[in-house]
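For reference, the structure is listed below as structure tokens.
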Amino acid sequence: MAKRTAAAGRANQFRAGAKFDEMTLMRLVYCFCQGLGVQLAARSTGLTAKTVRGVYIALRKRLLKPAFNRWHGTNRAVIRTPMPEFEPLLRAVYFDRLGRCAGNETCARNYRLGNRKRRECRSCPLVDALPPEGRAEAYVVIDAVHAFYEAIGIRGEKDIGPIMLFRERLIHRTVVGTVQNHSRKRENGLFDPNEREFLSGGTLLDLLLRDLAEDPL
């Protein structure tokens, strides 16, 4: 695990100018890796919900780094093509359509509330991008991401485009799911931070702390 001793002249090696100590931030990173909601993490660390939300979003961006690919795999091929040179373009189009669909939260909410019989709306951007079975799978993924973010209590991110927002949220949701499926649990149901199996939460926690020590928030 990253060194817990503060660097000389810095109160918190993980967050420049932080008004709280390293142990508090370490607990917050653990909450993030665990997938705990913002309000629960705030109570656990003694921080405000606003601070927790900001750190969660900052940590989420860290998951885009190649070092964290093992927990989400979205950088692996998602589309089969006989011409690999076109795969990056197809990937961009794929996430563009998913992001545009996911960005229309009113559409998904109306379906969930029973205001529409079909999950697919008339103007769905996935219609000309995926076959029916592919669209059905995409809606499951999109709805799972929406449900996860409603559960952790983060809404209204307006300073990021819908495509990148969905990509970041999808990676975050996938990473937490992978951790939950590959971690040894304590009696309280939370993963053991001392475990160091390849996909465990303890390994993710350690790697995030190392990243923060090298490049503070």
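A few notes on this one:
- Too-long pairs where the Cα-Cα distance tops 29 Å, listed order kept, from K65/K117; K19/K61; K19/K158; K65/K158: K65/K117
- Angle in degrees between helix 132-152 and the longest Cα principal axis of the chain, rounded to the nearest 10: 30 degrees
- Most fluctuating residue given options D21, D159, D143, as computed from a GNM of the chain linking Cα atoms under 10 Å: D159
- In the chain, taking the dipole from charged Cβ atoms about the Cα centre, the farthest positive-side position among L209, F95, G114 is held by G114.
- Its Cα gyration tensor gives region 22-214 an equivalent ellipsoid. The semi-axes, each the square root of 5 times an eigenvalue, are 30, 21, 15 Å from largest down.
- Most fluctuating residue given options R70, R167, R109, as computed from a GNM of the chain linking Cα atoms under 10 Å: R109
- Helix 201-214 and the longest principal axis of the C-alpha atoms of the chain enclose an angle of approximately 70°.
- The label point for E150 and the one for S123, both projected 7 Å from the Cα toward the Cβ, are 2.2 nm apart.
All of the numbers you see were taken from the coordinates with simple rules; none came from a lab. Predicted model only: the values in this text are computed from it and were never measured. Note that each Cβ is placed from the backbone with ideal geometry, even for glycine, and that neighbours are counted across all protein chains shown.
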